[in-house]
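**Q** Have a look at this one before I ask anything.
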């Protein structure tokens, strides 16, 4: 049986403590030995060497390291050093920008700083460091204290606890010592338990410590953060898969070329088994060619391009109020198809707000309340305060009472003026769970005014009159029925309803006799209070729906409030499931996985439930974003593909556990981040399409030249130069393409989908074969003119120019013309032009190194025109496809108009 199910004295007896004597010093020593200190167990920090090793485990990085080593062994020092430089840059960016240190745990541990706690020890009340608390200690708490450990309430007076950081519940929780009989009671409803890290916002309490350190609810969260390992993101999985395929294909092709060269040498008689020494130069050349093909197959620039692109877009996203803490999250957020969102502070403003007012017998505008007695009740029957901070109200005290003061302010009433006018109260009756009311009395010239507020049913039961149109009338059953109907309507819409009443005394009553004072009241009205939706949330949810992203609300709030919010956002449909955490706790993992698609709300959610939901969604191949602002959100934020924390209202723990922090706390910023993420993913695809086309052309051209008996079209150094220059600036600028407007109209990329799509594969093959055909034509004929000595240079330079033009083809997917957005990436145009100038210098001046000869201006102009044909070829294919799509669409429309089935 749990502590909350037992009487307080039973708990004290079970833990062998004493309310008055407390624990003895000797007993404390024994218990510290048994249970340890009241601190979280720290996680070993990961060293810089470990971080570097982790970043070097990426498949493409491993292939590059092997290729670089082979280049050095074969004597190609510049190529080997260049490859190692690319690895160094990529690794450095990854380690510096992202890192893998677990700051979330450190932030969580900071919550247990050694503040002083009032505790009973050796029959005396003393102050001790929080870390010295042990199980069975009797602690005394009051307004403003942070709860130092999990504890069972023994005595309380008007005790209000803010548990939003732990449970997600926006409203403060009234606590008492009464035992709870319910089994498996949700954390948010254990009203006799206090939890480490929460705040006492009003009242006092005496409690007995039941759990410390790692065993507290906060400690359990810390442990989950400590143990949770970060799985590969969808992009990392896809790049790893691509790296494996490239390495296998490249190695097989290279091995095939090497064997083909050996067979050719054998047929020509240059490879004699009895005299291998004479064949060694040829064997070495064949091996170097094979290594060059392997190096050409590996996109050396990909890791660097990924790192630089992510770093560049990290800065862009920060300007859009999305601060990216982990580099890979820039792209990963673009592939998400599920958002598991907290409610309080994420979808809502986390500010209790009066939204409905009924007073003086009528509905009233929130900012035009005329009922004087009601406004006085707002301002005088309270212990809260508010302050103006940067155009916003800062709540100082109970959030509900603060919302009433804000409401009065909207009606041009300064609550401080009322307090000065009325002076100090003559009697105060704090809210209790039994009375469910709060009352305050003030002396006036003609007697005493008594104000009451509380639950509608209690206030109505204590009232016998009602104020309507400034007239006091008897409270009839008809009045009560009408009021209760209006209140029910508010409650059905997840409003918290508070009722107000007052009465006057001509002579001073016996204030200590509360039950004779708090009666025969004049009912003045009621208000509906809610934590309102953020103004931009509905539009953001609509954009998510269009983008194929499901939104699920995982909140600590009660099910009625959560359901109402979900309905307001249009998330609840006929087959939708709105559940409590106890409902999913009763399900097996398989049952829950089968129902996850229909679940839109999980109320009374706790950290364990959130973690379970995230893990099962990912097992269903979903890519998941978790949003949140509380400590209770931290484990799920870390477990998700992308954790998004609120920068303004979020706790330090949630920010440190997250991958992205929203600087404006706006849900719509998540949608902007998703758009950027999808744009980044497309940029990676542009780069890969460009690089693979280079590889296809190099492979097939070399193979066909060997088969057709032509001289090797490229030297090893030329192949390496093409690979390096095409991996460099031209390719990197493809990562700078701004996100297109259509991105939020597309469905998310599936986690298990290949990064190379059918459209990309078709263009790689089509454009690649076109370039290969053109290069073979140049090998076979002198179509561009030039001398015989210039032909190899023309082939090599045309290969480079073809790829530069093809970079523009790779900017657009589908049937979109390359000229549509030609002006939106001016950097690319400039870089391609500079690369062209470098190629001119290599061709004209690098003869000894690259085995080229100078070419005349006429030949250069012919090559530019000839190689531009790849753009014309690509545009013609797109034009034919667009025409075919239009004809196909018209045909379908005609069939449907004729009543025939569509195609």
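Every number in this text was worked out from the coordinates using simple rules, so none of it is lab data. Since we're looking at a predicted model, the values are computed, not measured. Heads up, the Cβs are rebuilt from the backbone with ideal geometry, glycines too, and the neighbour counts pull from every protein chain shown.
**Q** How much mean residue ellipticity at 222 nm does the chain get from its helices, if each DSSP H run of length 4 or more adds -39500 (n - 2.57) and you divide by all residues, to the nearest 500 deg cm²/dmol? Write down the numbers at each step before the final one.
**A** Working: 34 runs with 438 residues, N = 903.
It lands at -15500 deg cm²/dmol.
**Q** Given R₀ = 25 Å, FRET efficiency for residue 414-residue 506 by Cβ-Cβ distance, to 0.05?
**A** Numbers: r = 29 Å, r/R0 = 1.17.
So, using R0 = 25 Å, E works out to roughly 0.30.
**Q** Using the per-residue mean of other Cβ atoms lying within 10 Å as a proxy for protection, in what order, highest first, do the peptides 476-482, 810-816, 525-531, 785-791 fall? If you can, show how the numbers build up before the last one.
**A** Details: 476-482: 11.6, 810-816: 18.1, 525-531: 23.7, 785-791: 13.4.
The peptides rank, most packed first, as 525-531, 810-816, 785-791, 476-482.
**Q** Turning to a different aspect of this structure: Treat the count of other C-beta atoms within 10 Å as a stand-in for reagent exposure and order 137, 385 from fewest to most. It would help to have the intermediate numbers written out before the result.
**A** Details: 137 27, 385 15.
In order of increasing Cβ crowding within 10 Å: 385, 137.
**Q** Mind ordering 749-756, 579-586 by average Cβ neighbours within 10 Å, highest first?
**A** Working: 749-756: 16.0, 579-586: 17.6.
Top to bottom by mean Cβ count within 10 Å: 579-586, 749-756.
**Q** Relative to the present Cα-Cα distance, how much length would full extension add between residue 481 and residue 49 at 0.36 nm per residue of separation? Don't skip to the answer; put the middle values down first.
**A** Details: separation 432, 0.36 × 432 = 155.52 nm, distance 7.31 nm.
Length gained between residue 481 and residue 49: 148.2 nm.
**Q** Moving on. For the Cα atoms of the chain, what angle does the longest principal axis make with the long axis of helix 217-227, in degrees from 0 to 90, nearest 10?
**A** The helix 217-227 is inclined about 10 degrees to the chain.
**Q** With the crude spin-label approximation of a point 7 Å out along Cα→Cβ, what separation in nm comes out for residue 868 versus residue 587?
**A** So the two model labels end up 6.1 nm from each other.
**Q** Let me ask something additional. Report relative contact order for the chain in percent, whole number only (criteria: Cα-Cα under 8 Å, sequence separation at least 6). Mind dumping the intermediate values first?
**A** Numbers: 1635 pairs, mean separation 112.2, N = 903.
The value is 12 percent.
**Q** Please report, to two decimal places, log10 I(q)/I(0) for the stretch 358-530 at q = 0.09, 0.17, 0.18, 0.20 Å⁻¹ as given by the Debye formula with identical point scatterers on the Cα atoms and no solvent.
**A** Listed by q, the Debye log ratios stand at -0.29, -1.09, -1.23, -1.53.
**Q** Further question: Out of (i) 12, 33, 32, 16, 6, 1; (ii) 8, 18, 17, 17, 19, 15, 6, 0; (iii) 12, 33, 27, 17, 8, 2, 0, which label holds the value of P(r) over Cα pairs in 20 Å bins from 0, in percent that was computed here?
**A** Given (i) 12, 33, 32, 16, 6, 1; (ii) 8, 18, 17, 17, 19, 15, 6, 0; (iii) 12, 33, 27, 17, 8, 2, 0, the structure-derived one carries the label (iii).
**Q** Under the definition of Cα pairs under 8 Å and six or more residues apart, what whole-number percent is the relative contact order of the stretch 558-717?
**A** Values: 183 pairs, mean separation 19.3, N = 160.
Computed over the stretch 558-717, the figure is 12 percent.
**Q** Taking the chain as the reference, fit the longest principal axis to its C-alpha atoms, fit the long axis of helix 826-845 to the helix C-alpha atoms, and give the angle between the two in degrees, 0 to 90, nearest 10.
**A** Long axis of 826-845 versus the principal axis of the chain: about 30 degrees.
**Q** Same structure again: Suppose a student asked you for the relative contact order of the stretch 358-530, using Cα pairs under 8 Å spaced at least 6 residues apart; what percent would you report? Could you put the intermediate results ahead of the total?
**A** Details: 303 pairs, mean separation 41.0, N = 173.
About 24 percent, as a whole number.
**Q** Can you sort 574, 349, 142, 331 so the residue with the fewest Cβ neighbours within 10 Å comes first?
**A** Working: 574 4, 349 20, 142 13, 331 26.
Taking fewest neighbouring Cβ atoms as first place, the list is 574, 142, 349, 331.
**Q** If you don't mind, another one. Compute the length gained on full extension between residue 753 and residue 65: take 0.36 nm times their separation in residues and subtract their Cα-Cα distance, giving the result in nm to one decimal.
**A** Values: separation 688, 0.36 × 688 = 247.68 nm, distance 2.76 nm.
Gain in length upon complete extension: 244.9 nm.
**Q** Can I ask one more? What do you get when you divide the Cα radius of gyration of the stretch 318-419 by 2.2 N^0.38 Å, with N the number of residues? Present the calculation step by step, with values, prior to reporting the outcome.
**A** Numbers: Rg = 19.6 Å, N = 102, 2.2 N^0.38 = 12.8 Å.
The reported ratio for this selection is 1.54.
**Q** A further question on this structure: If one takes the longest principal axis of the Cα atoms in the chain, at what angle in degrees, from 0 to 90 and to the nearest 10, does the Cα axis of helix 25-35 lie?
**A** Compared with the principal axis, the helix lies near 30 degrees.
**Q** In nm², what is the average projected area of the convex hull enclosing the Cα atoms of the stretch 521-614?
**A** Working: hull surface 34.9 nm².
The directionally averaged projection comes out at 8.7 nm².
**Q** So how do 498, 861 line up by other beta-carbon neighbours within 10 Å, fewest first?
**A** On the way: 498 24, 861 11.
Fewest-to-most Cβ neighbours within 10 Å comes out as 861, 498.
**Q** If you average the alpha carbon positions of the stretch 564-586 and of the stretch 513-554, how far apart do those two centres end up, in angstrom?
**A** Cα centres, the stretch 564-586 to the stretch 513-554: 17 Å.
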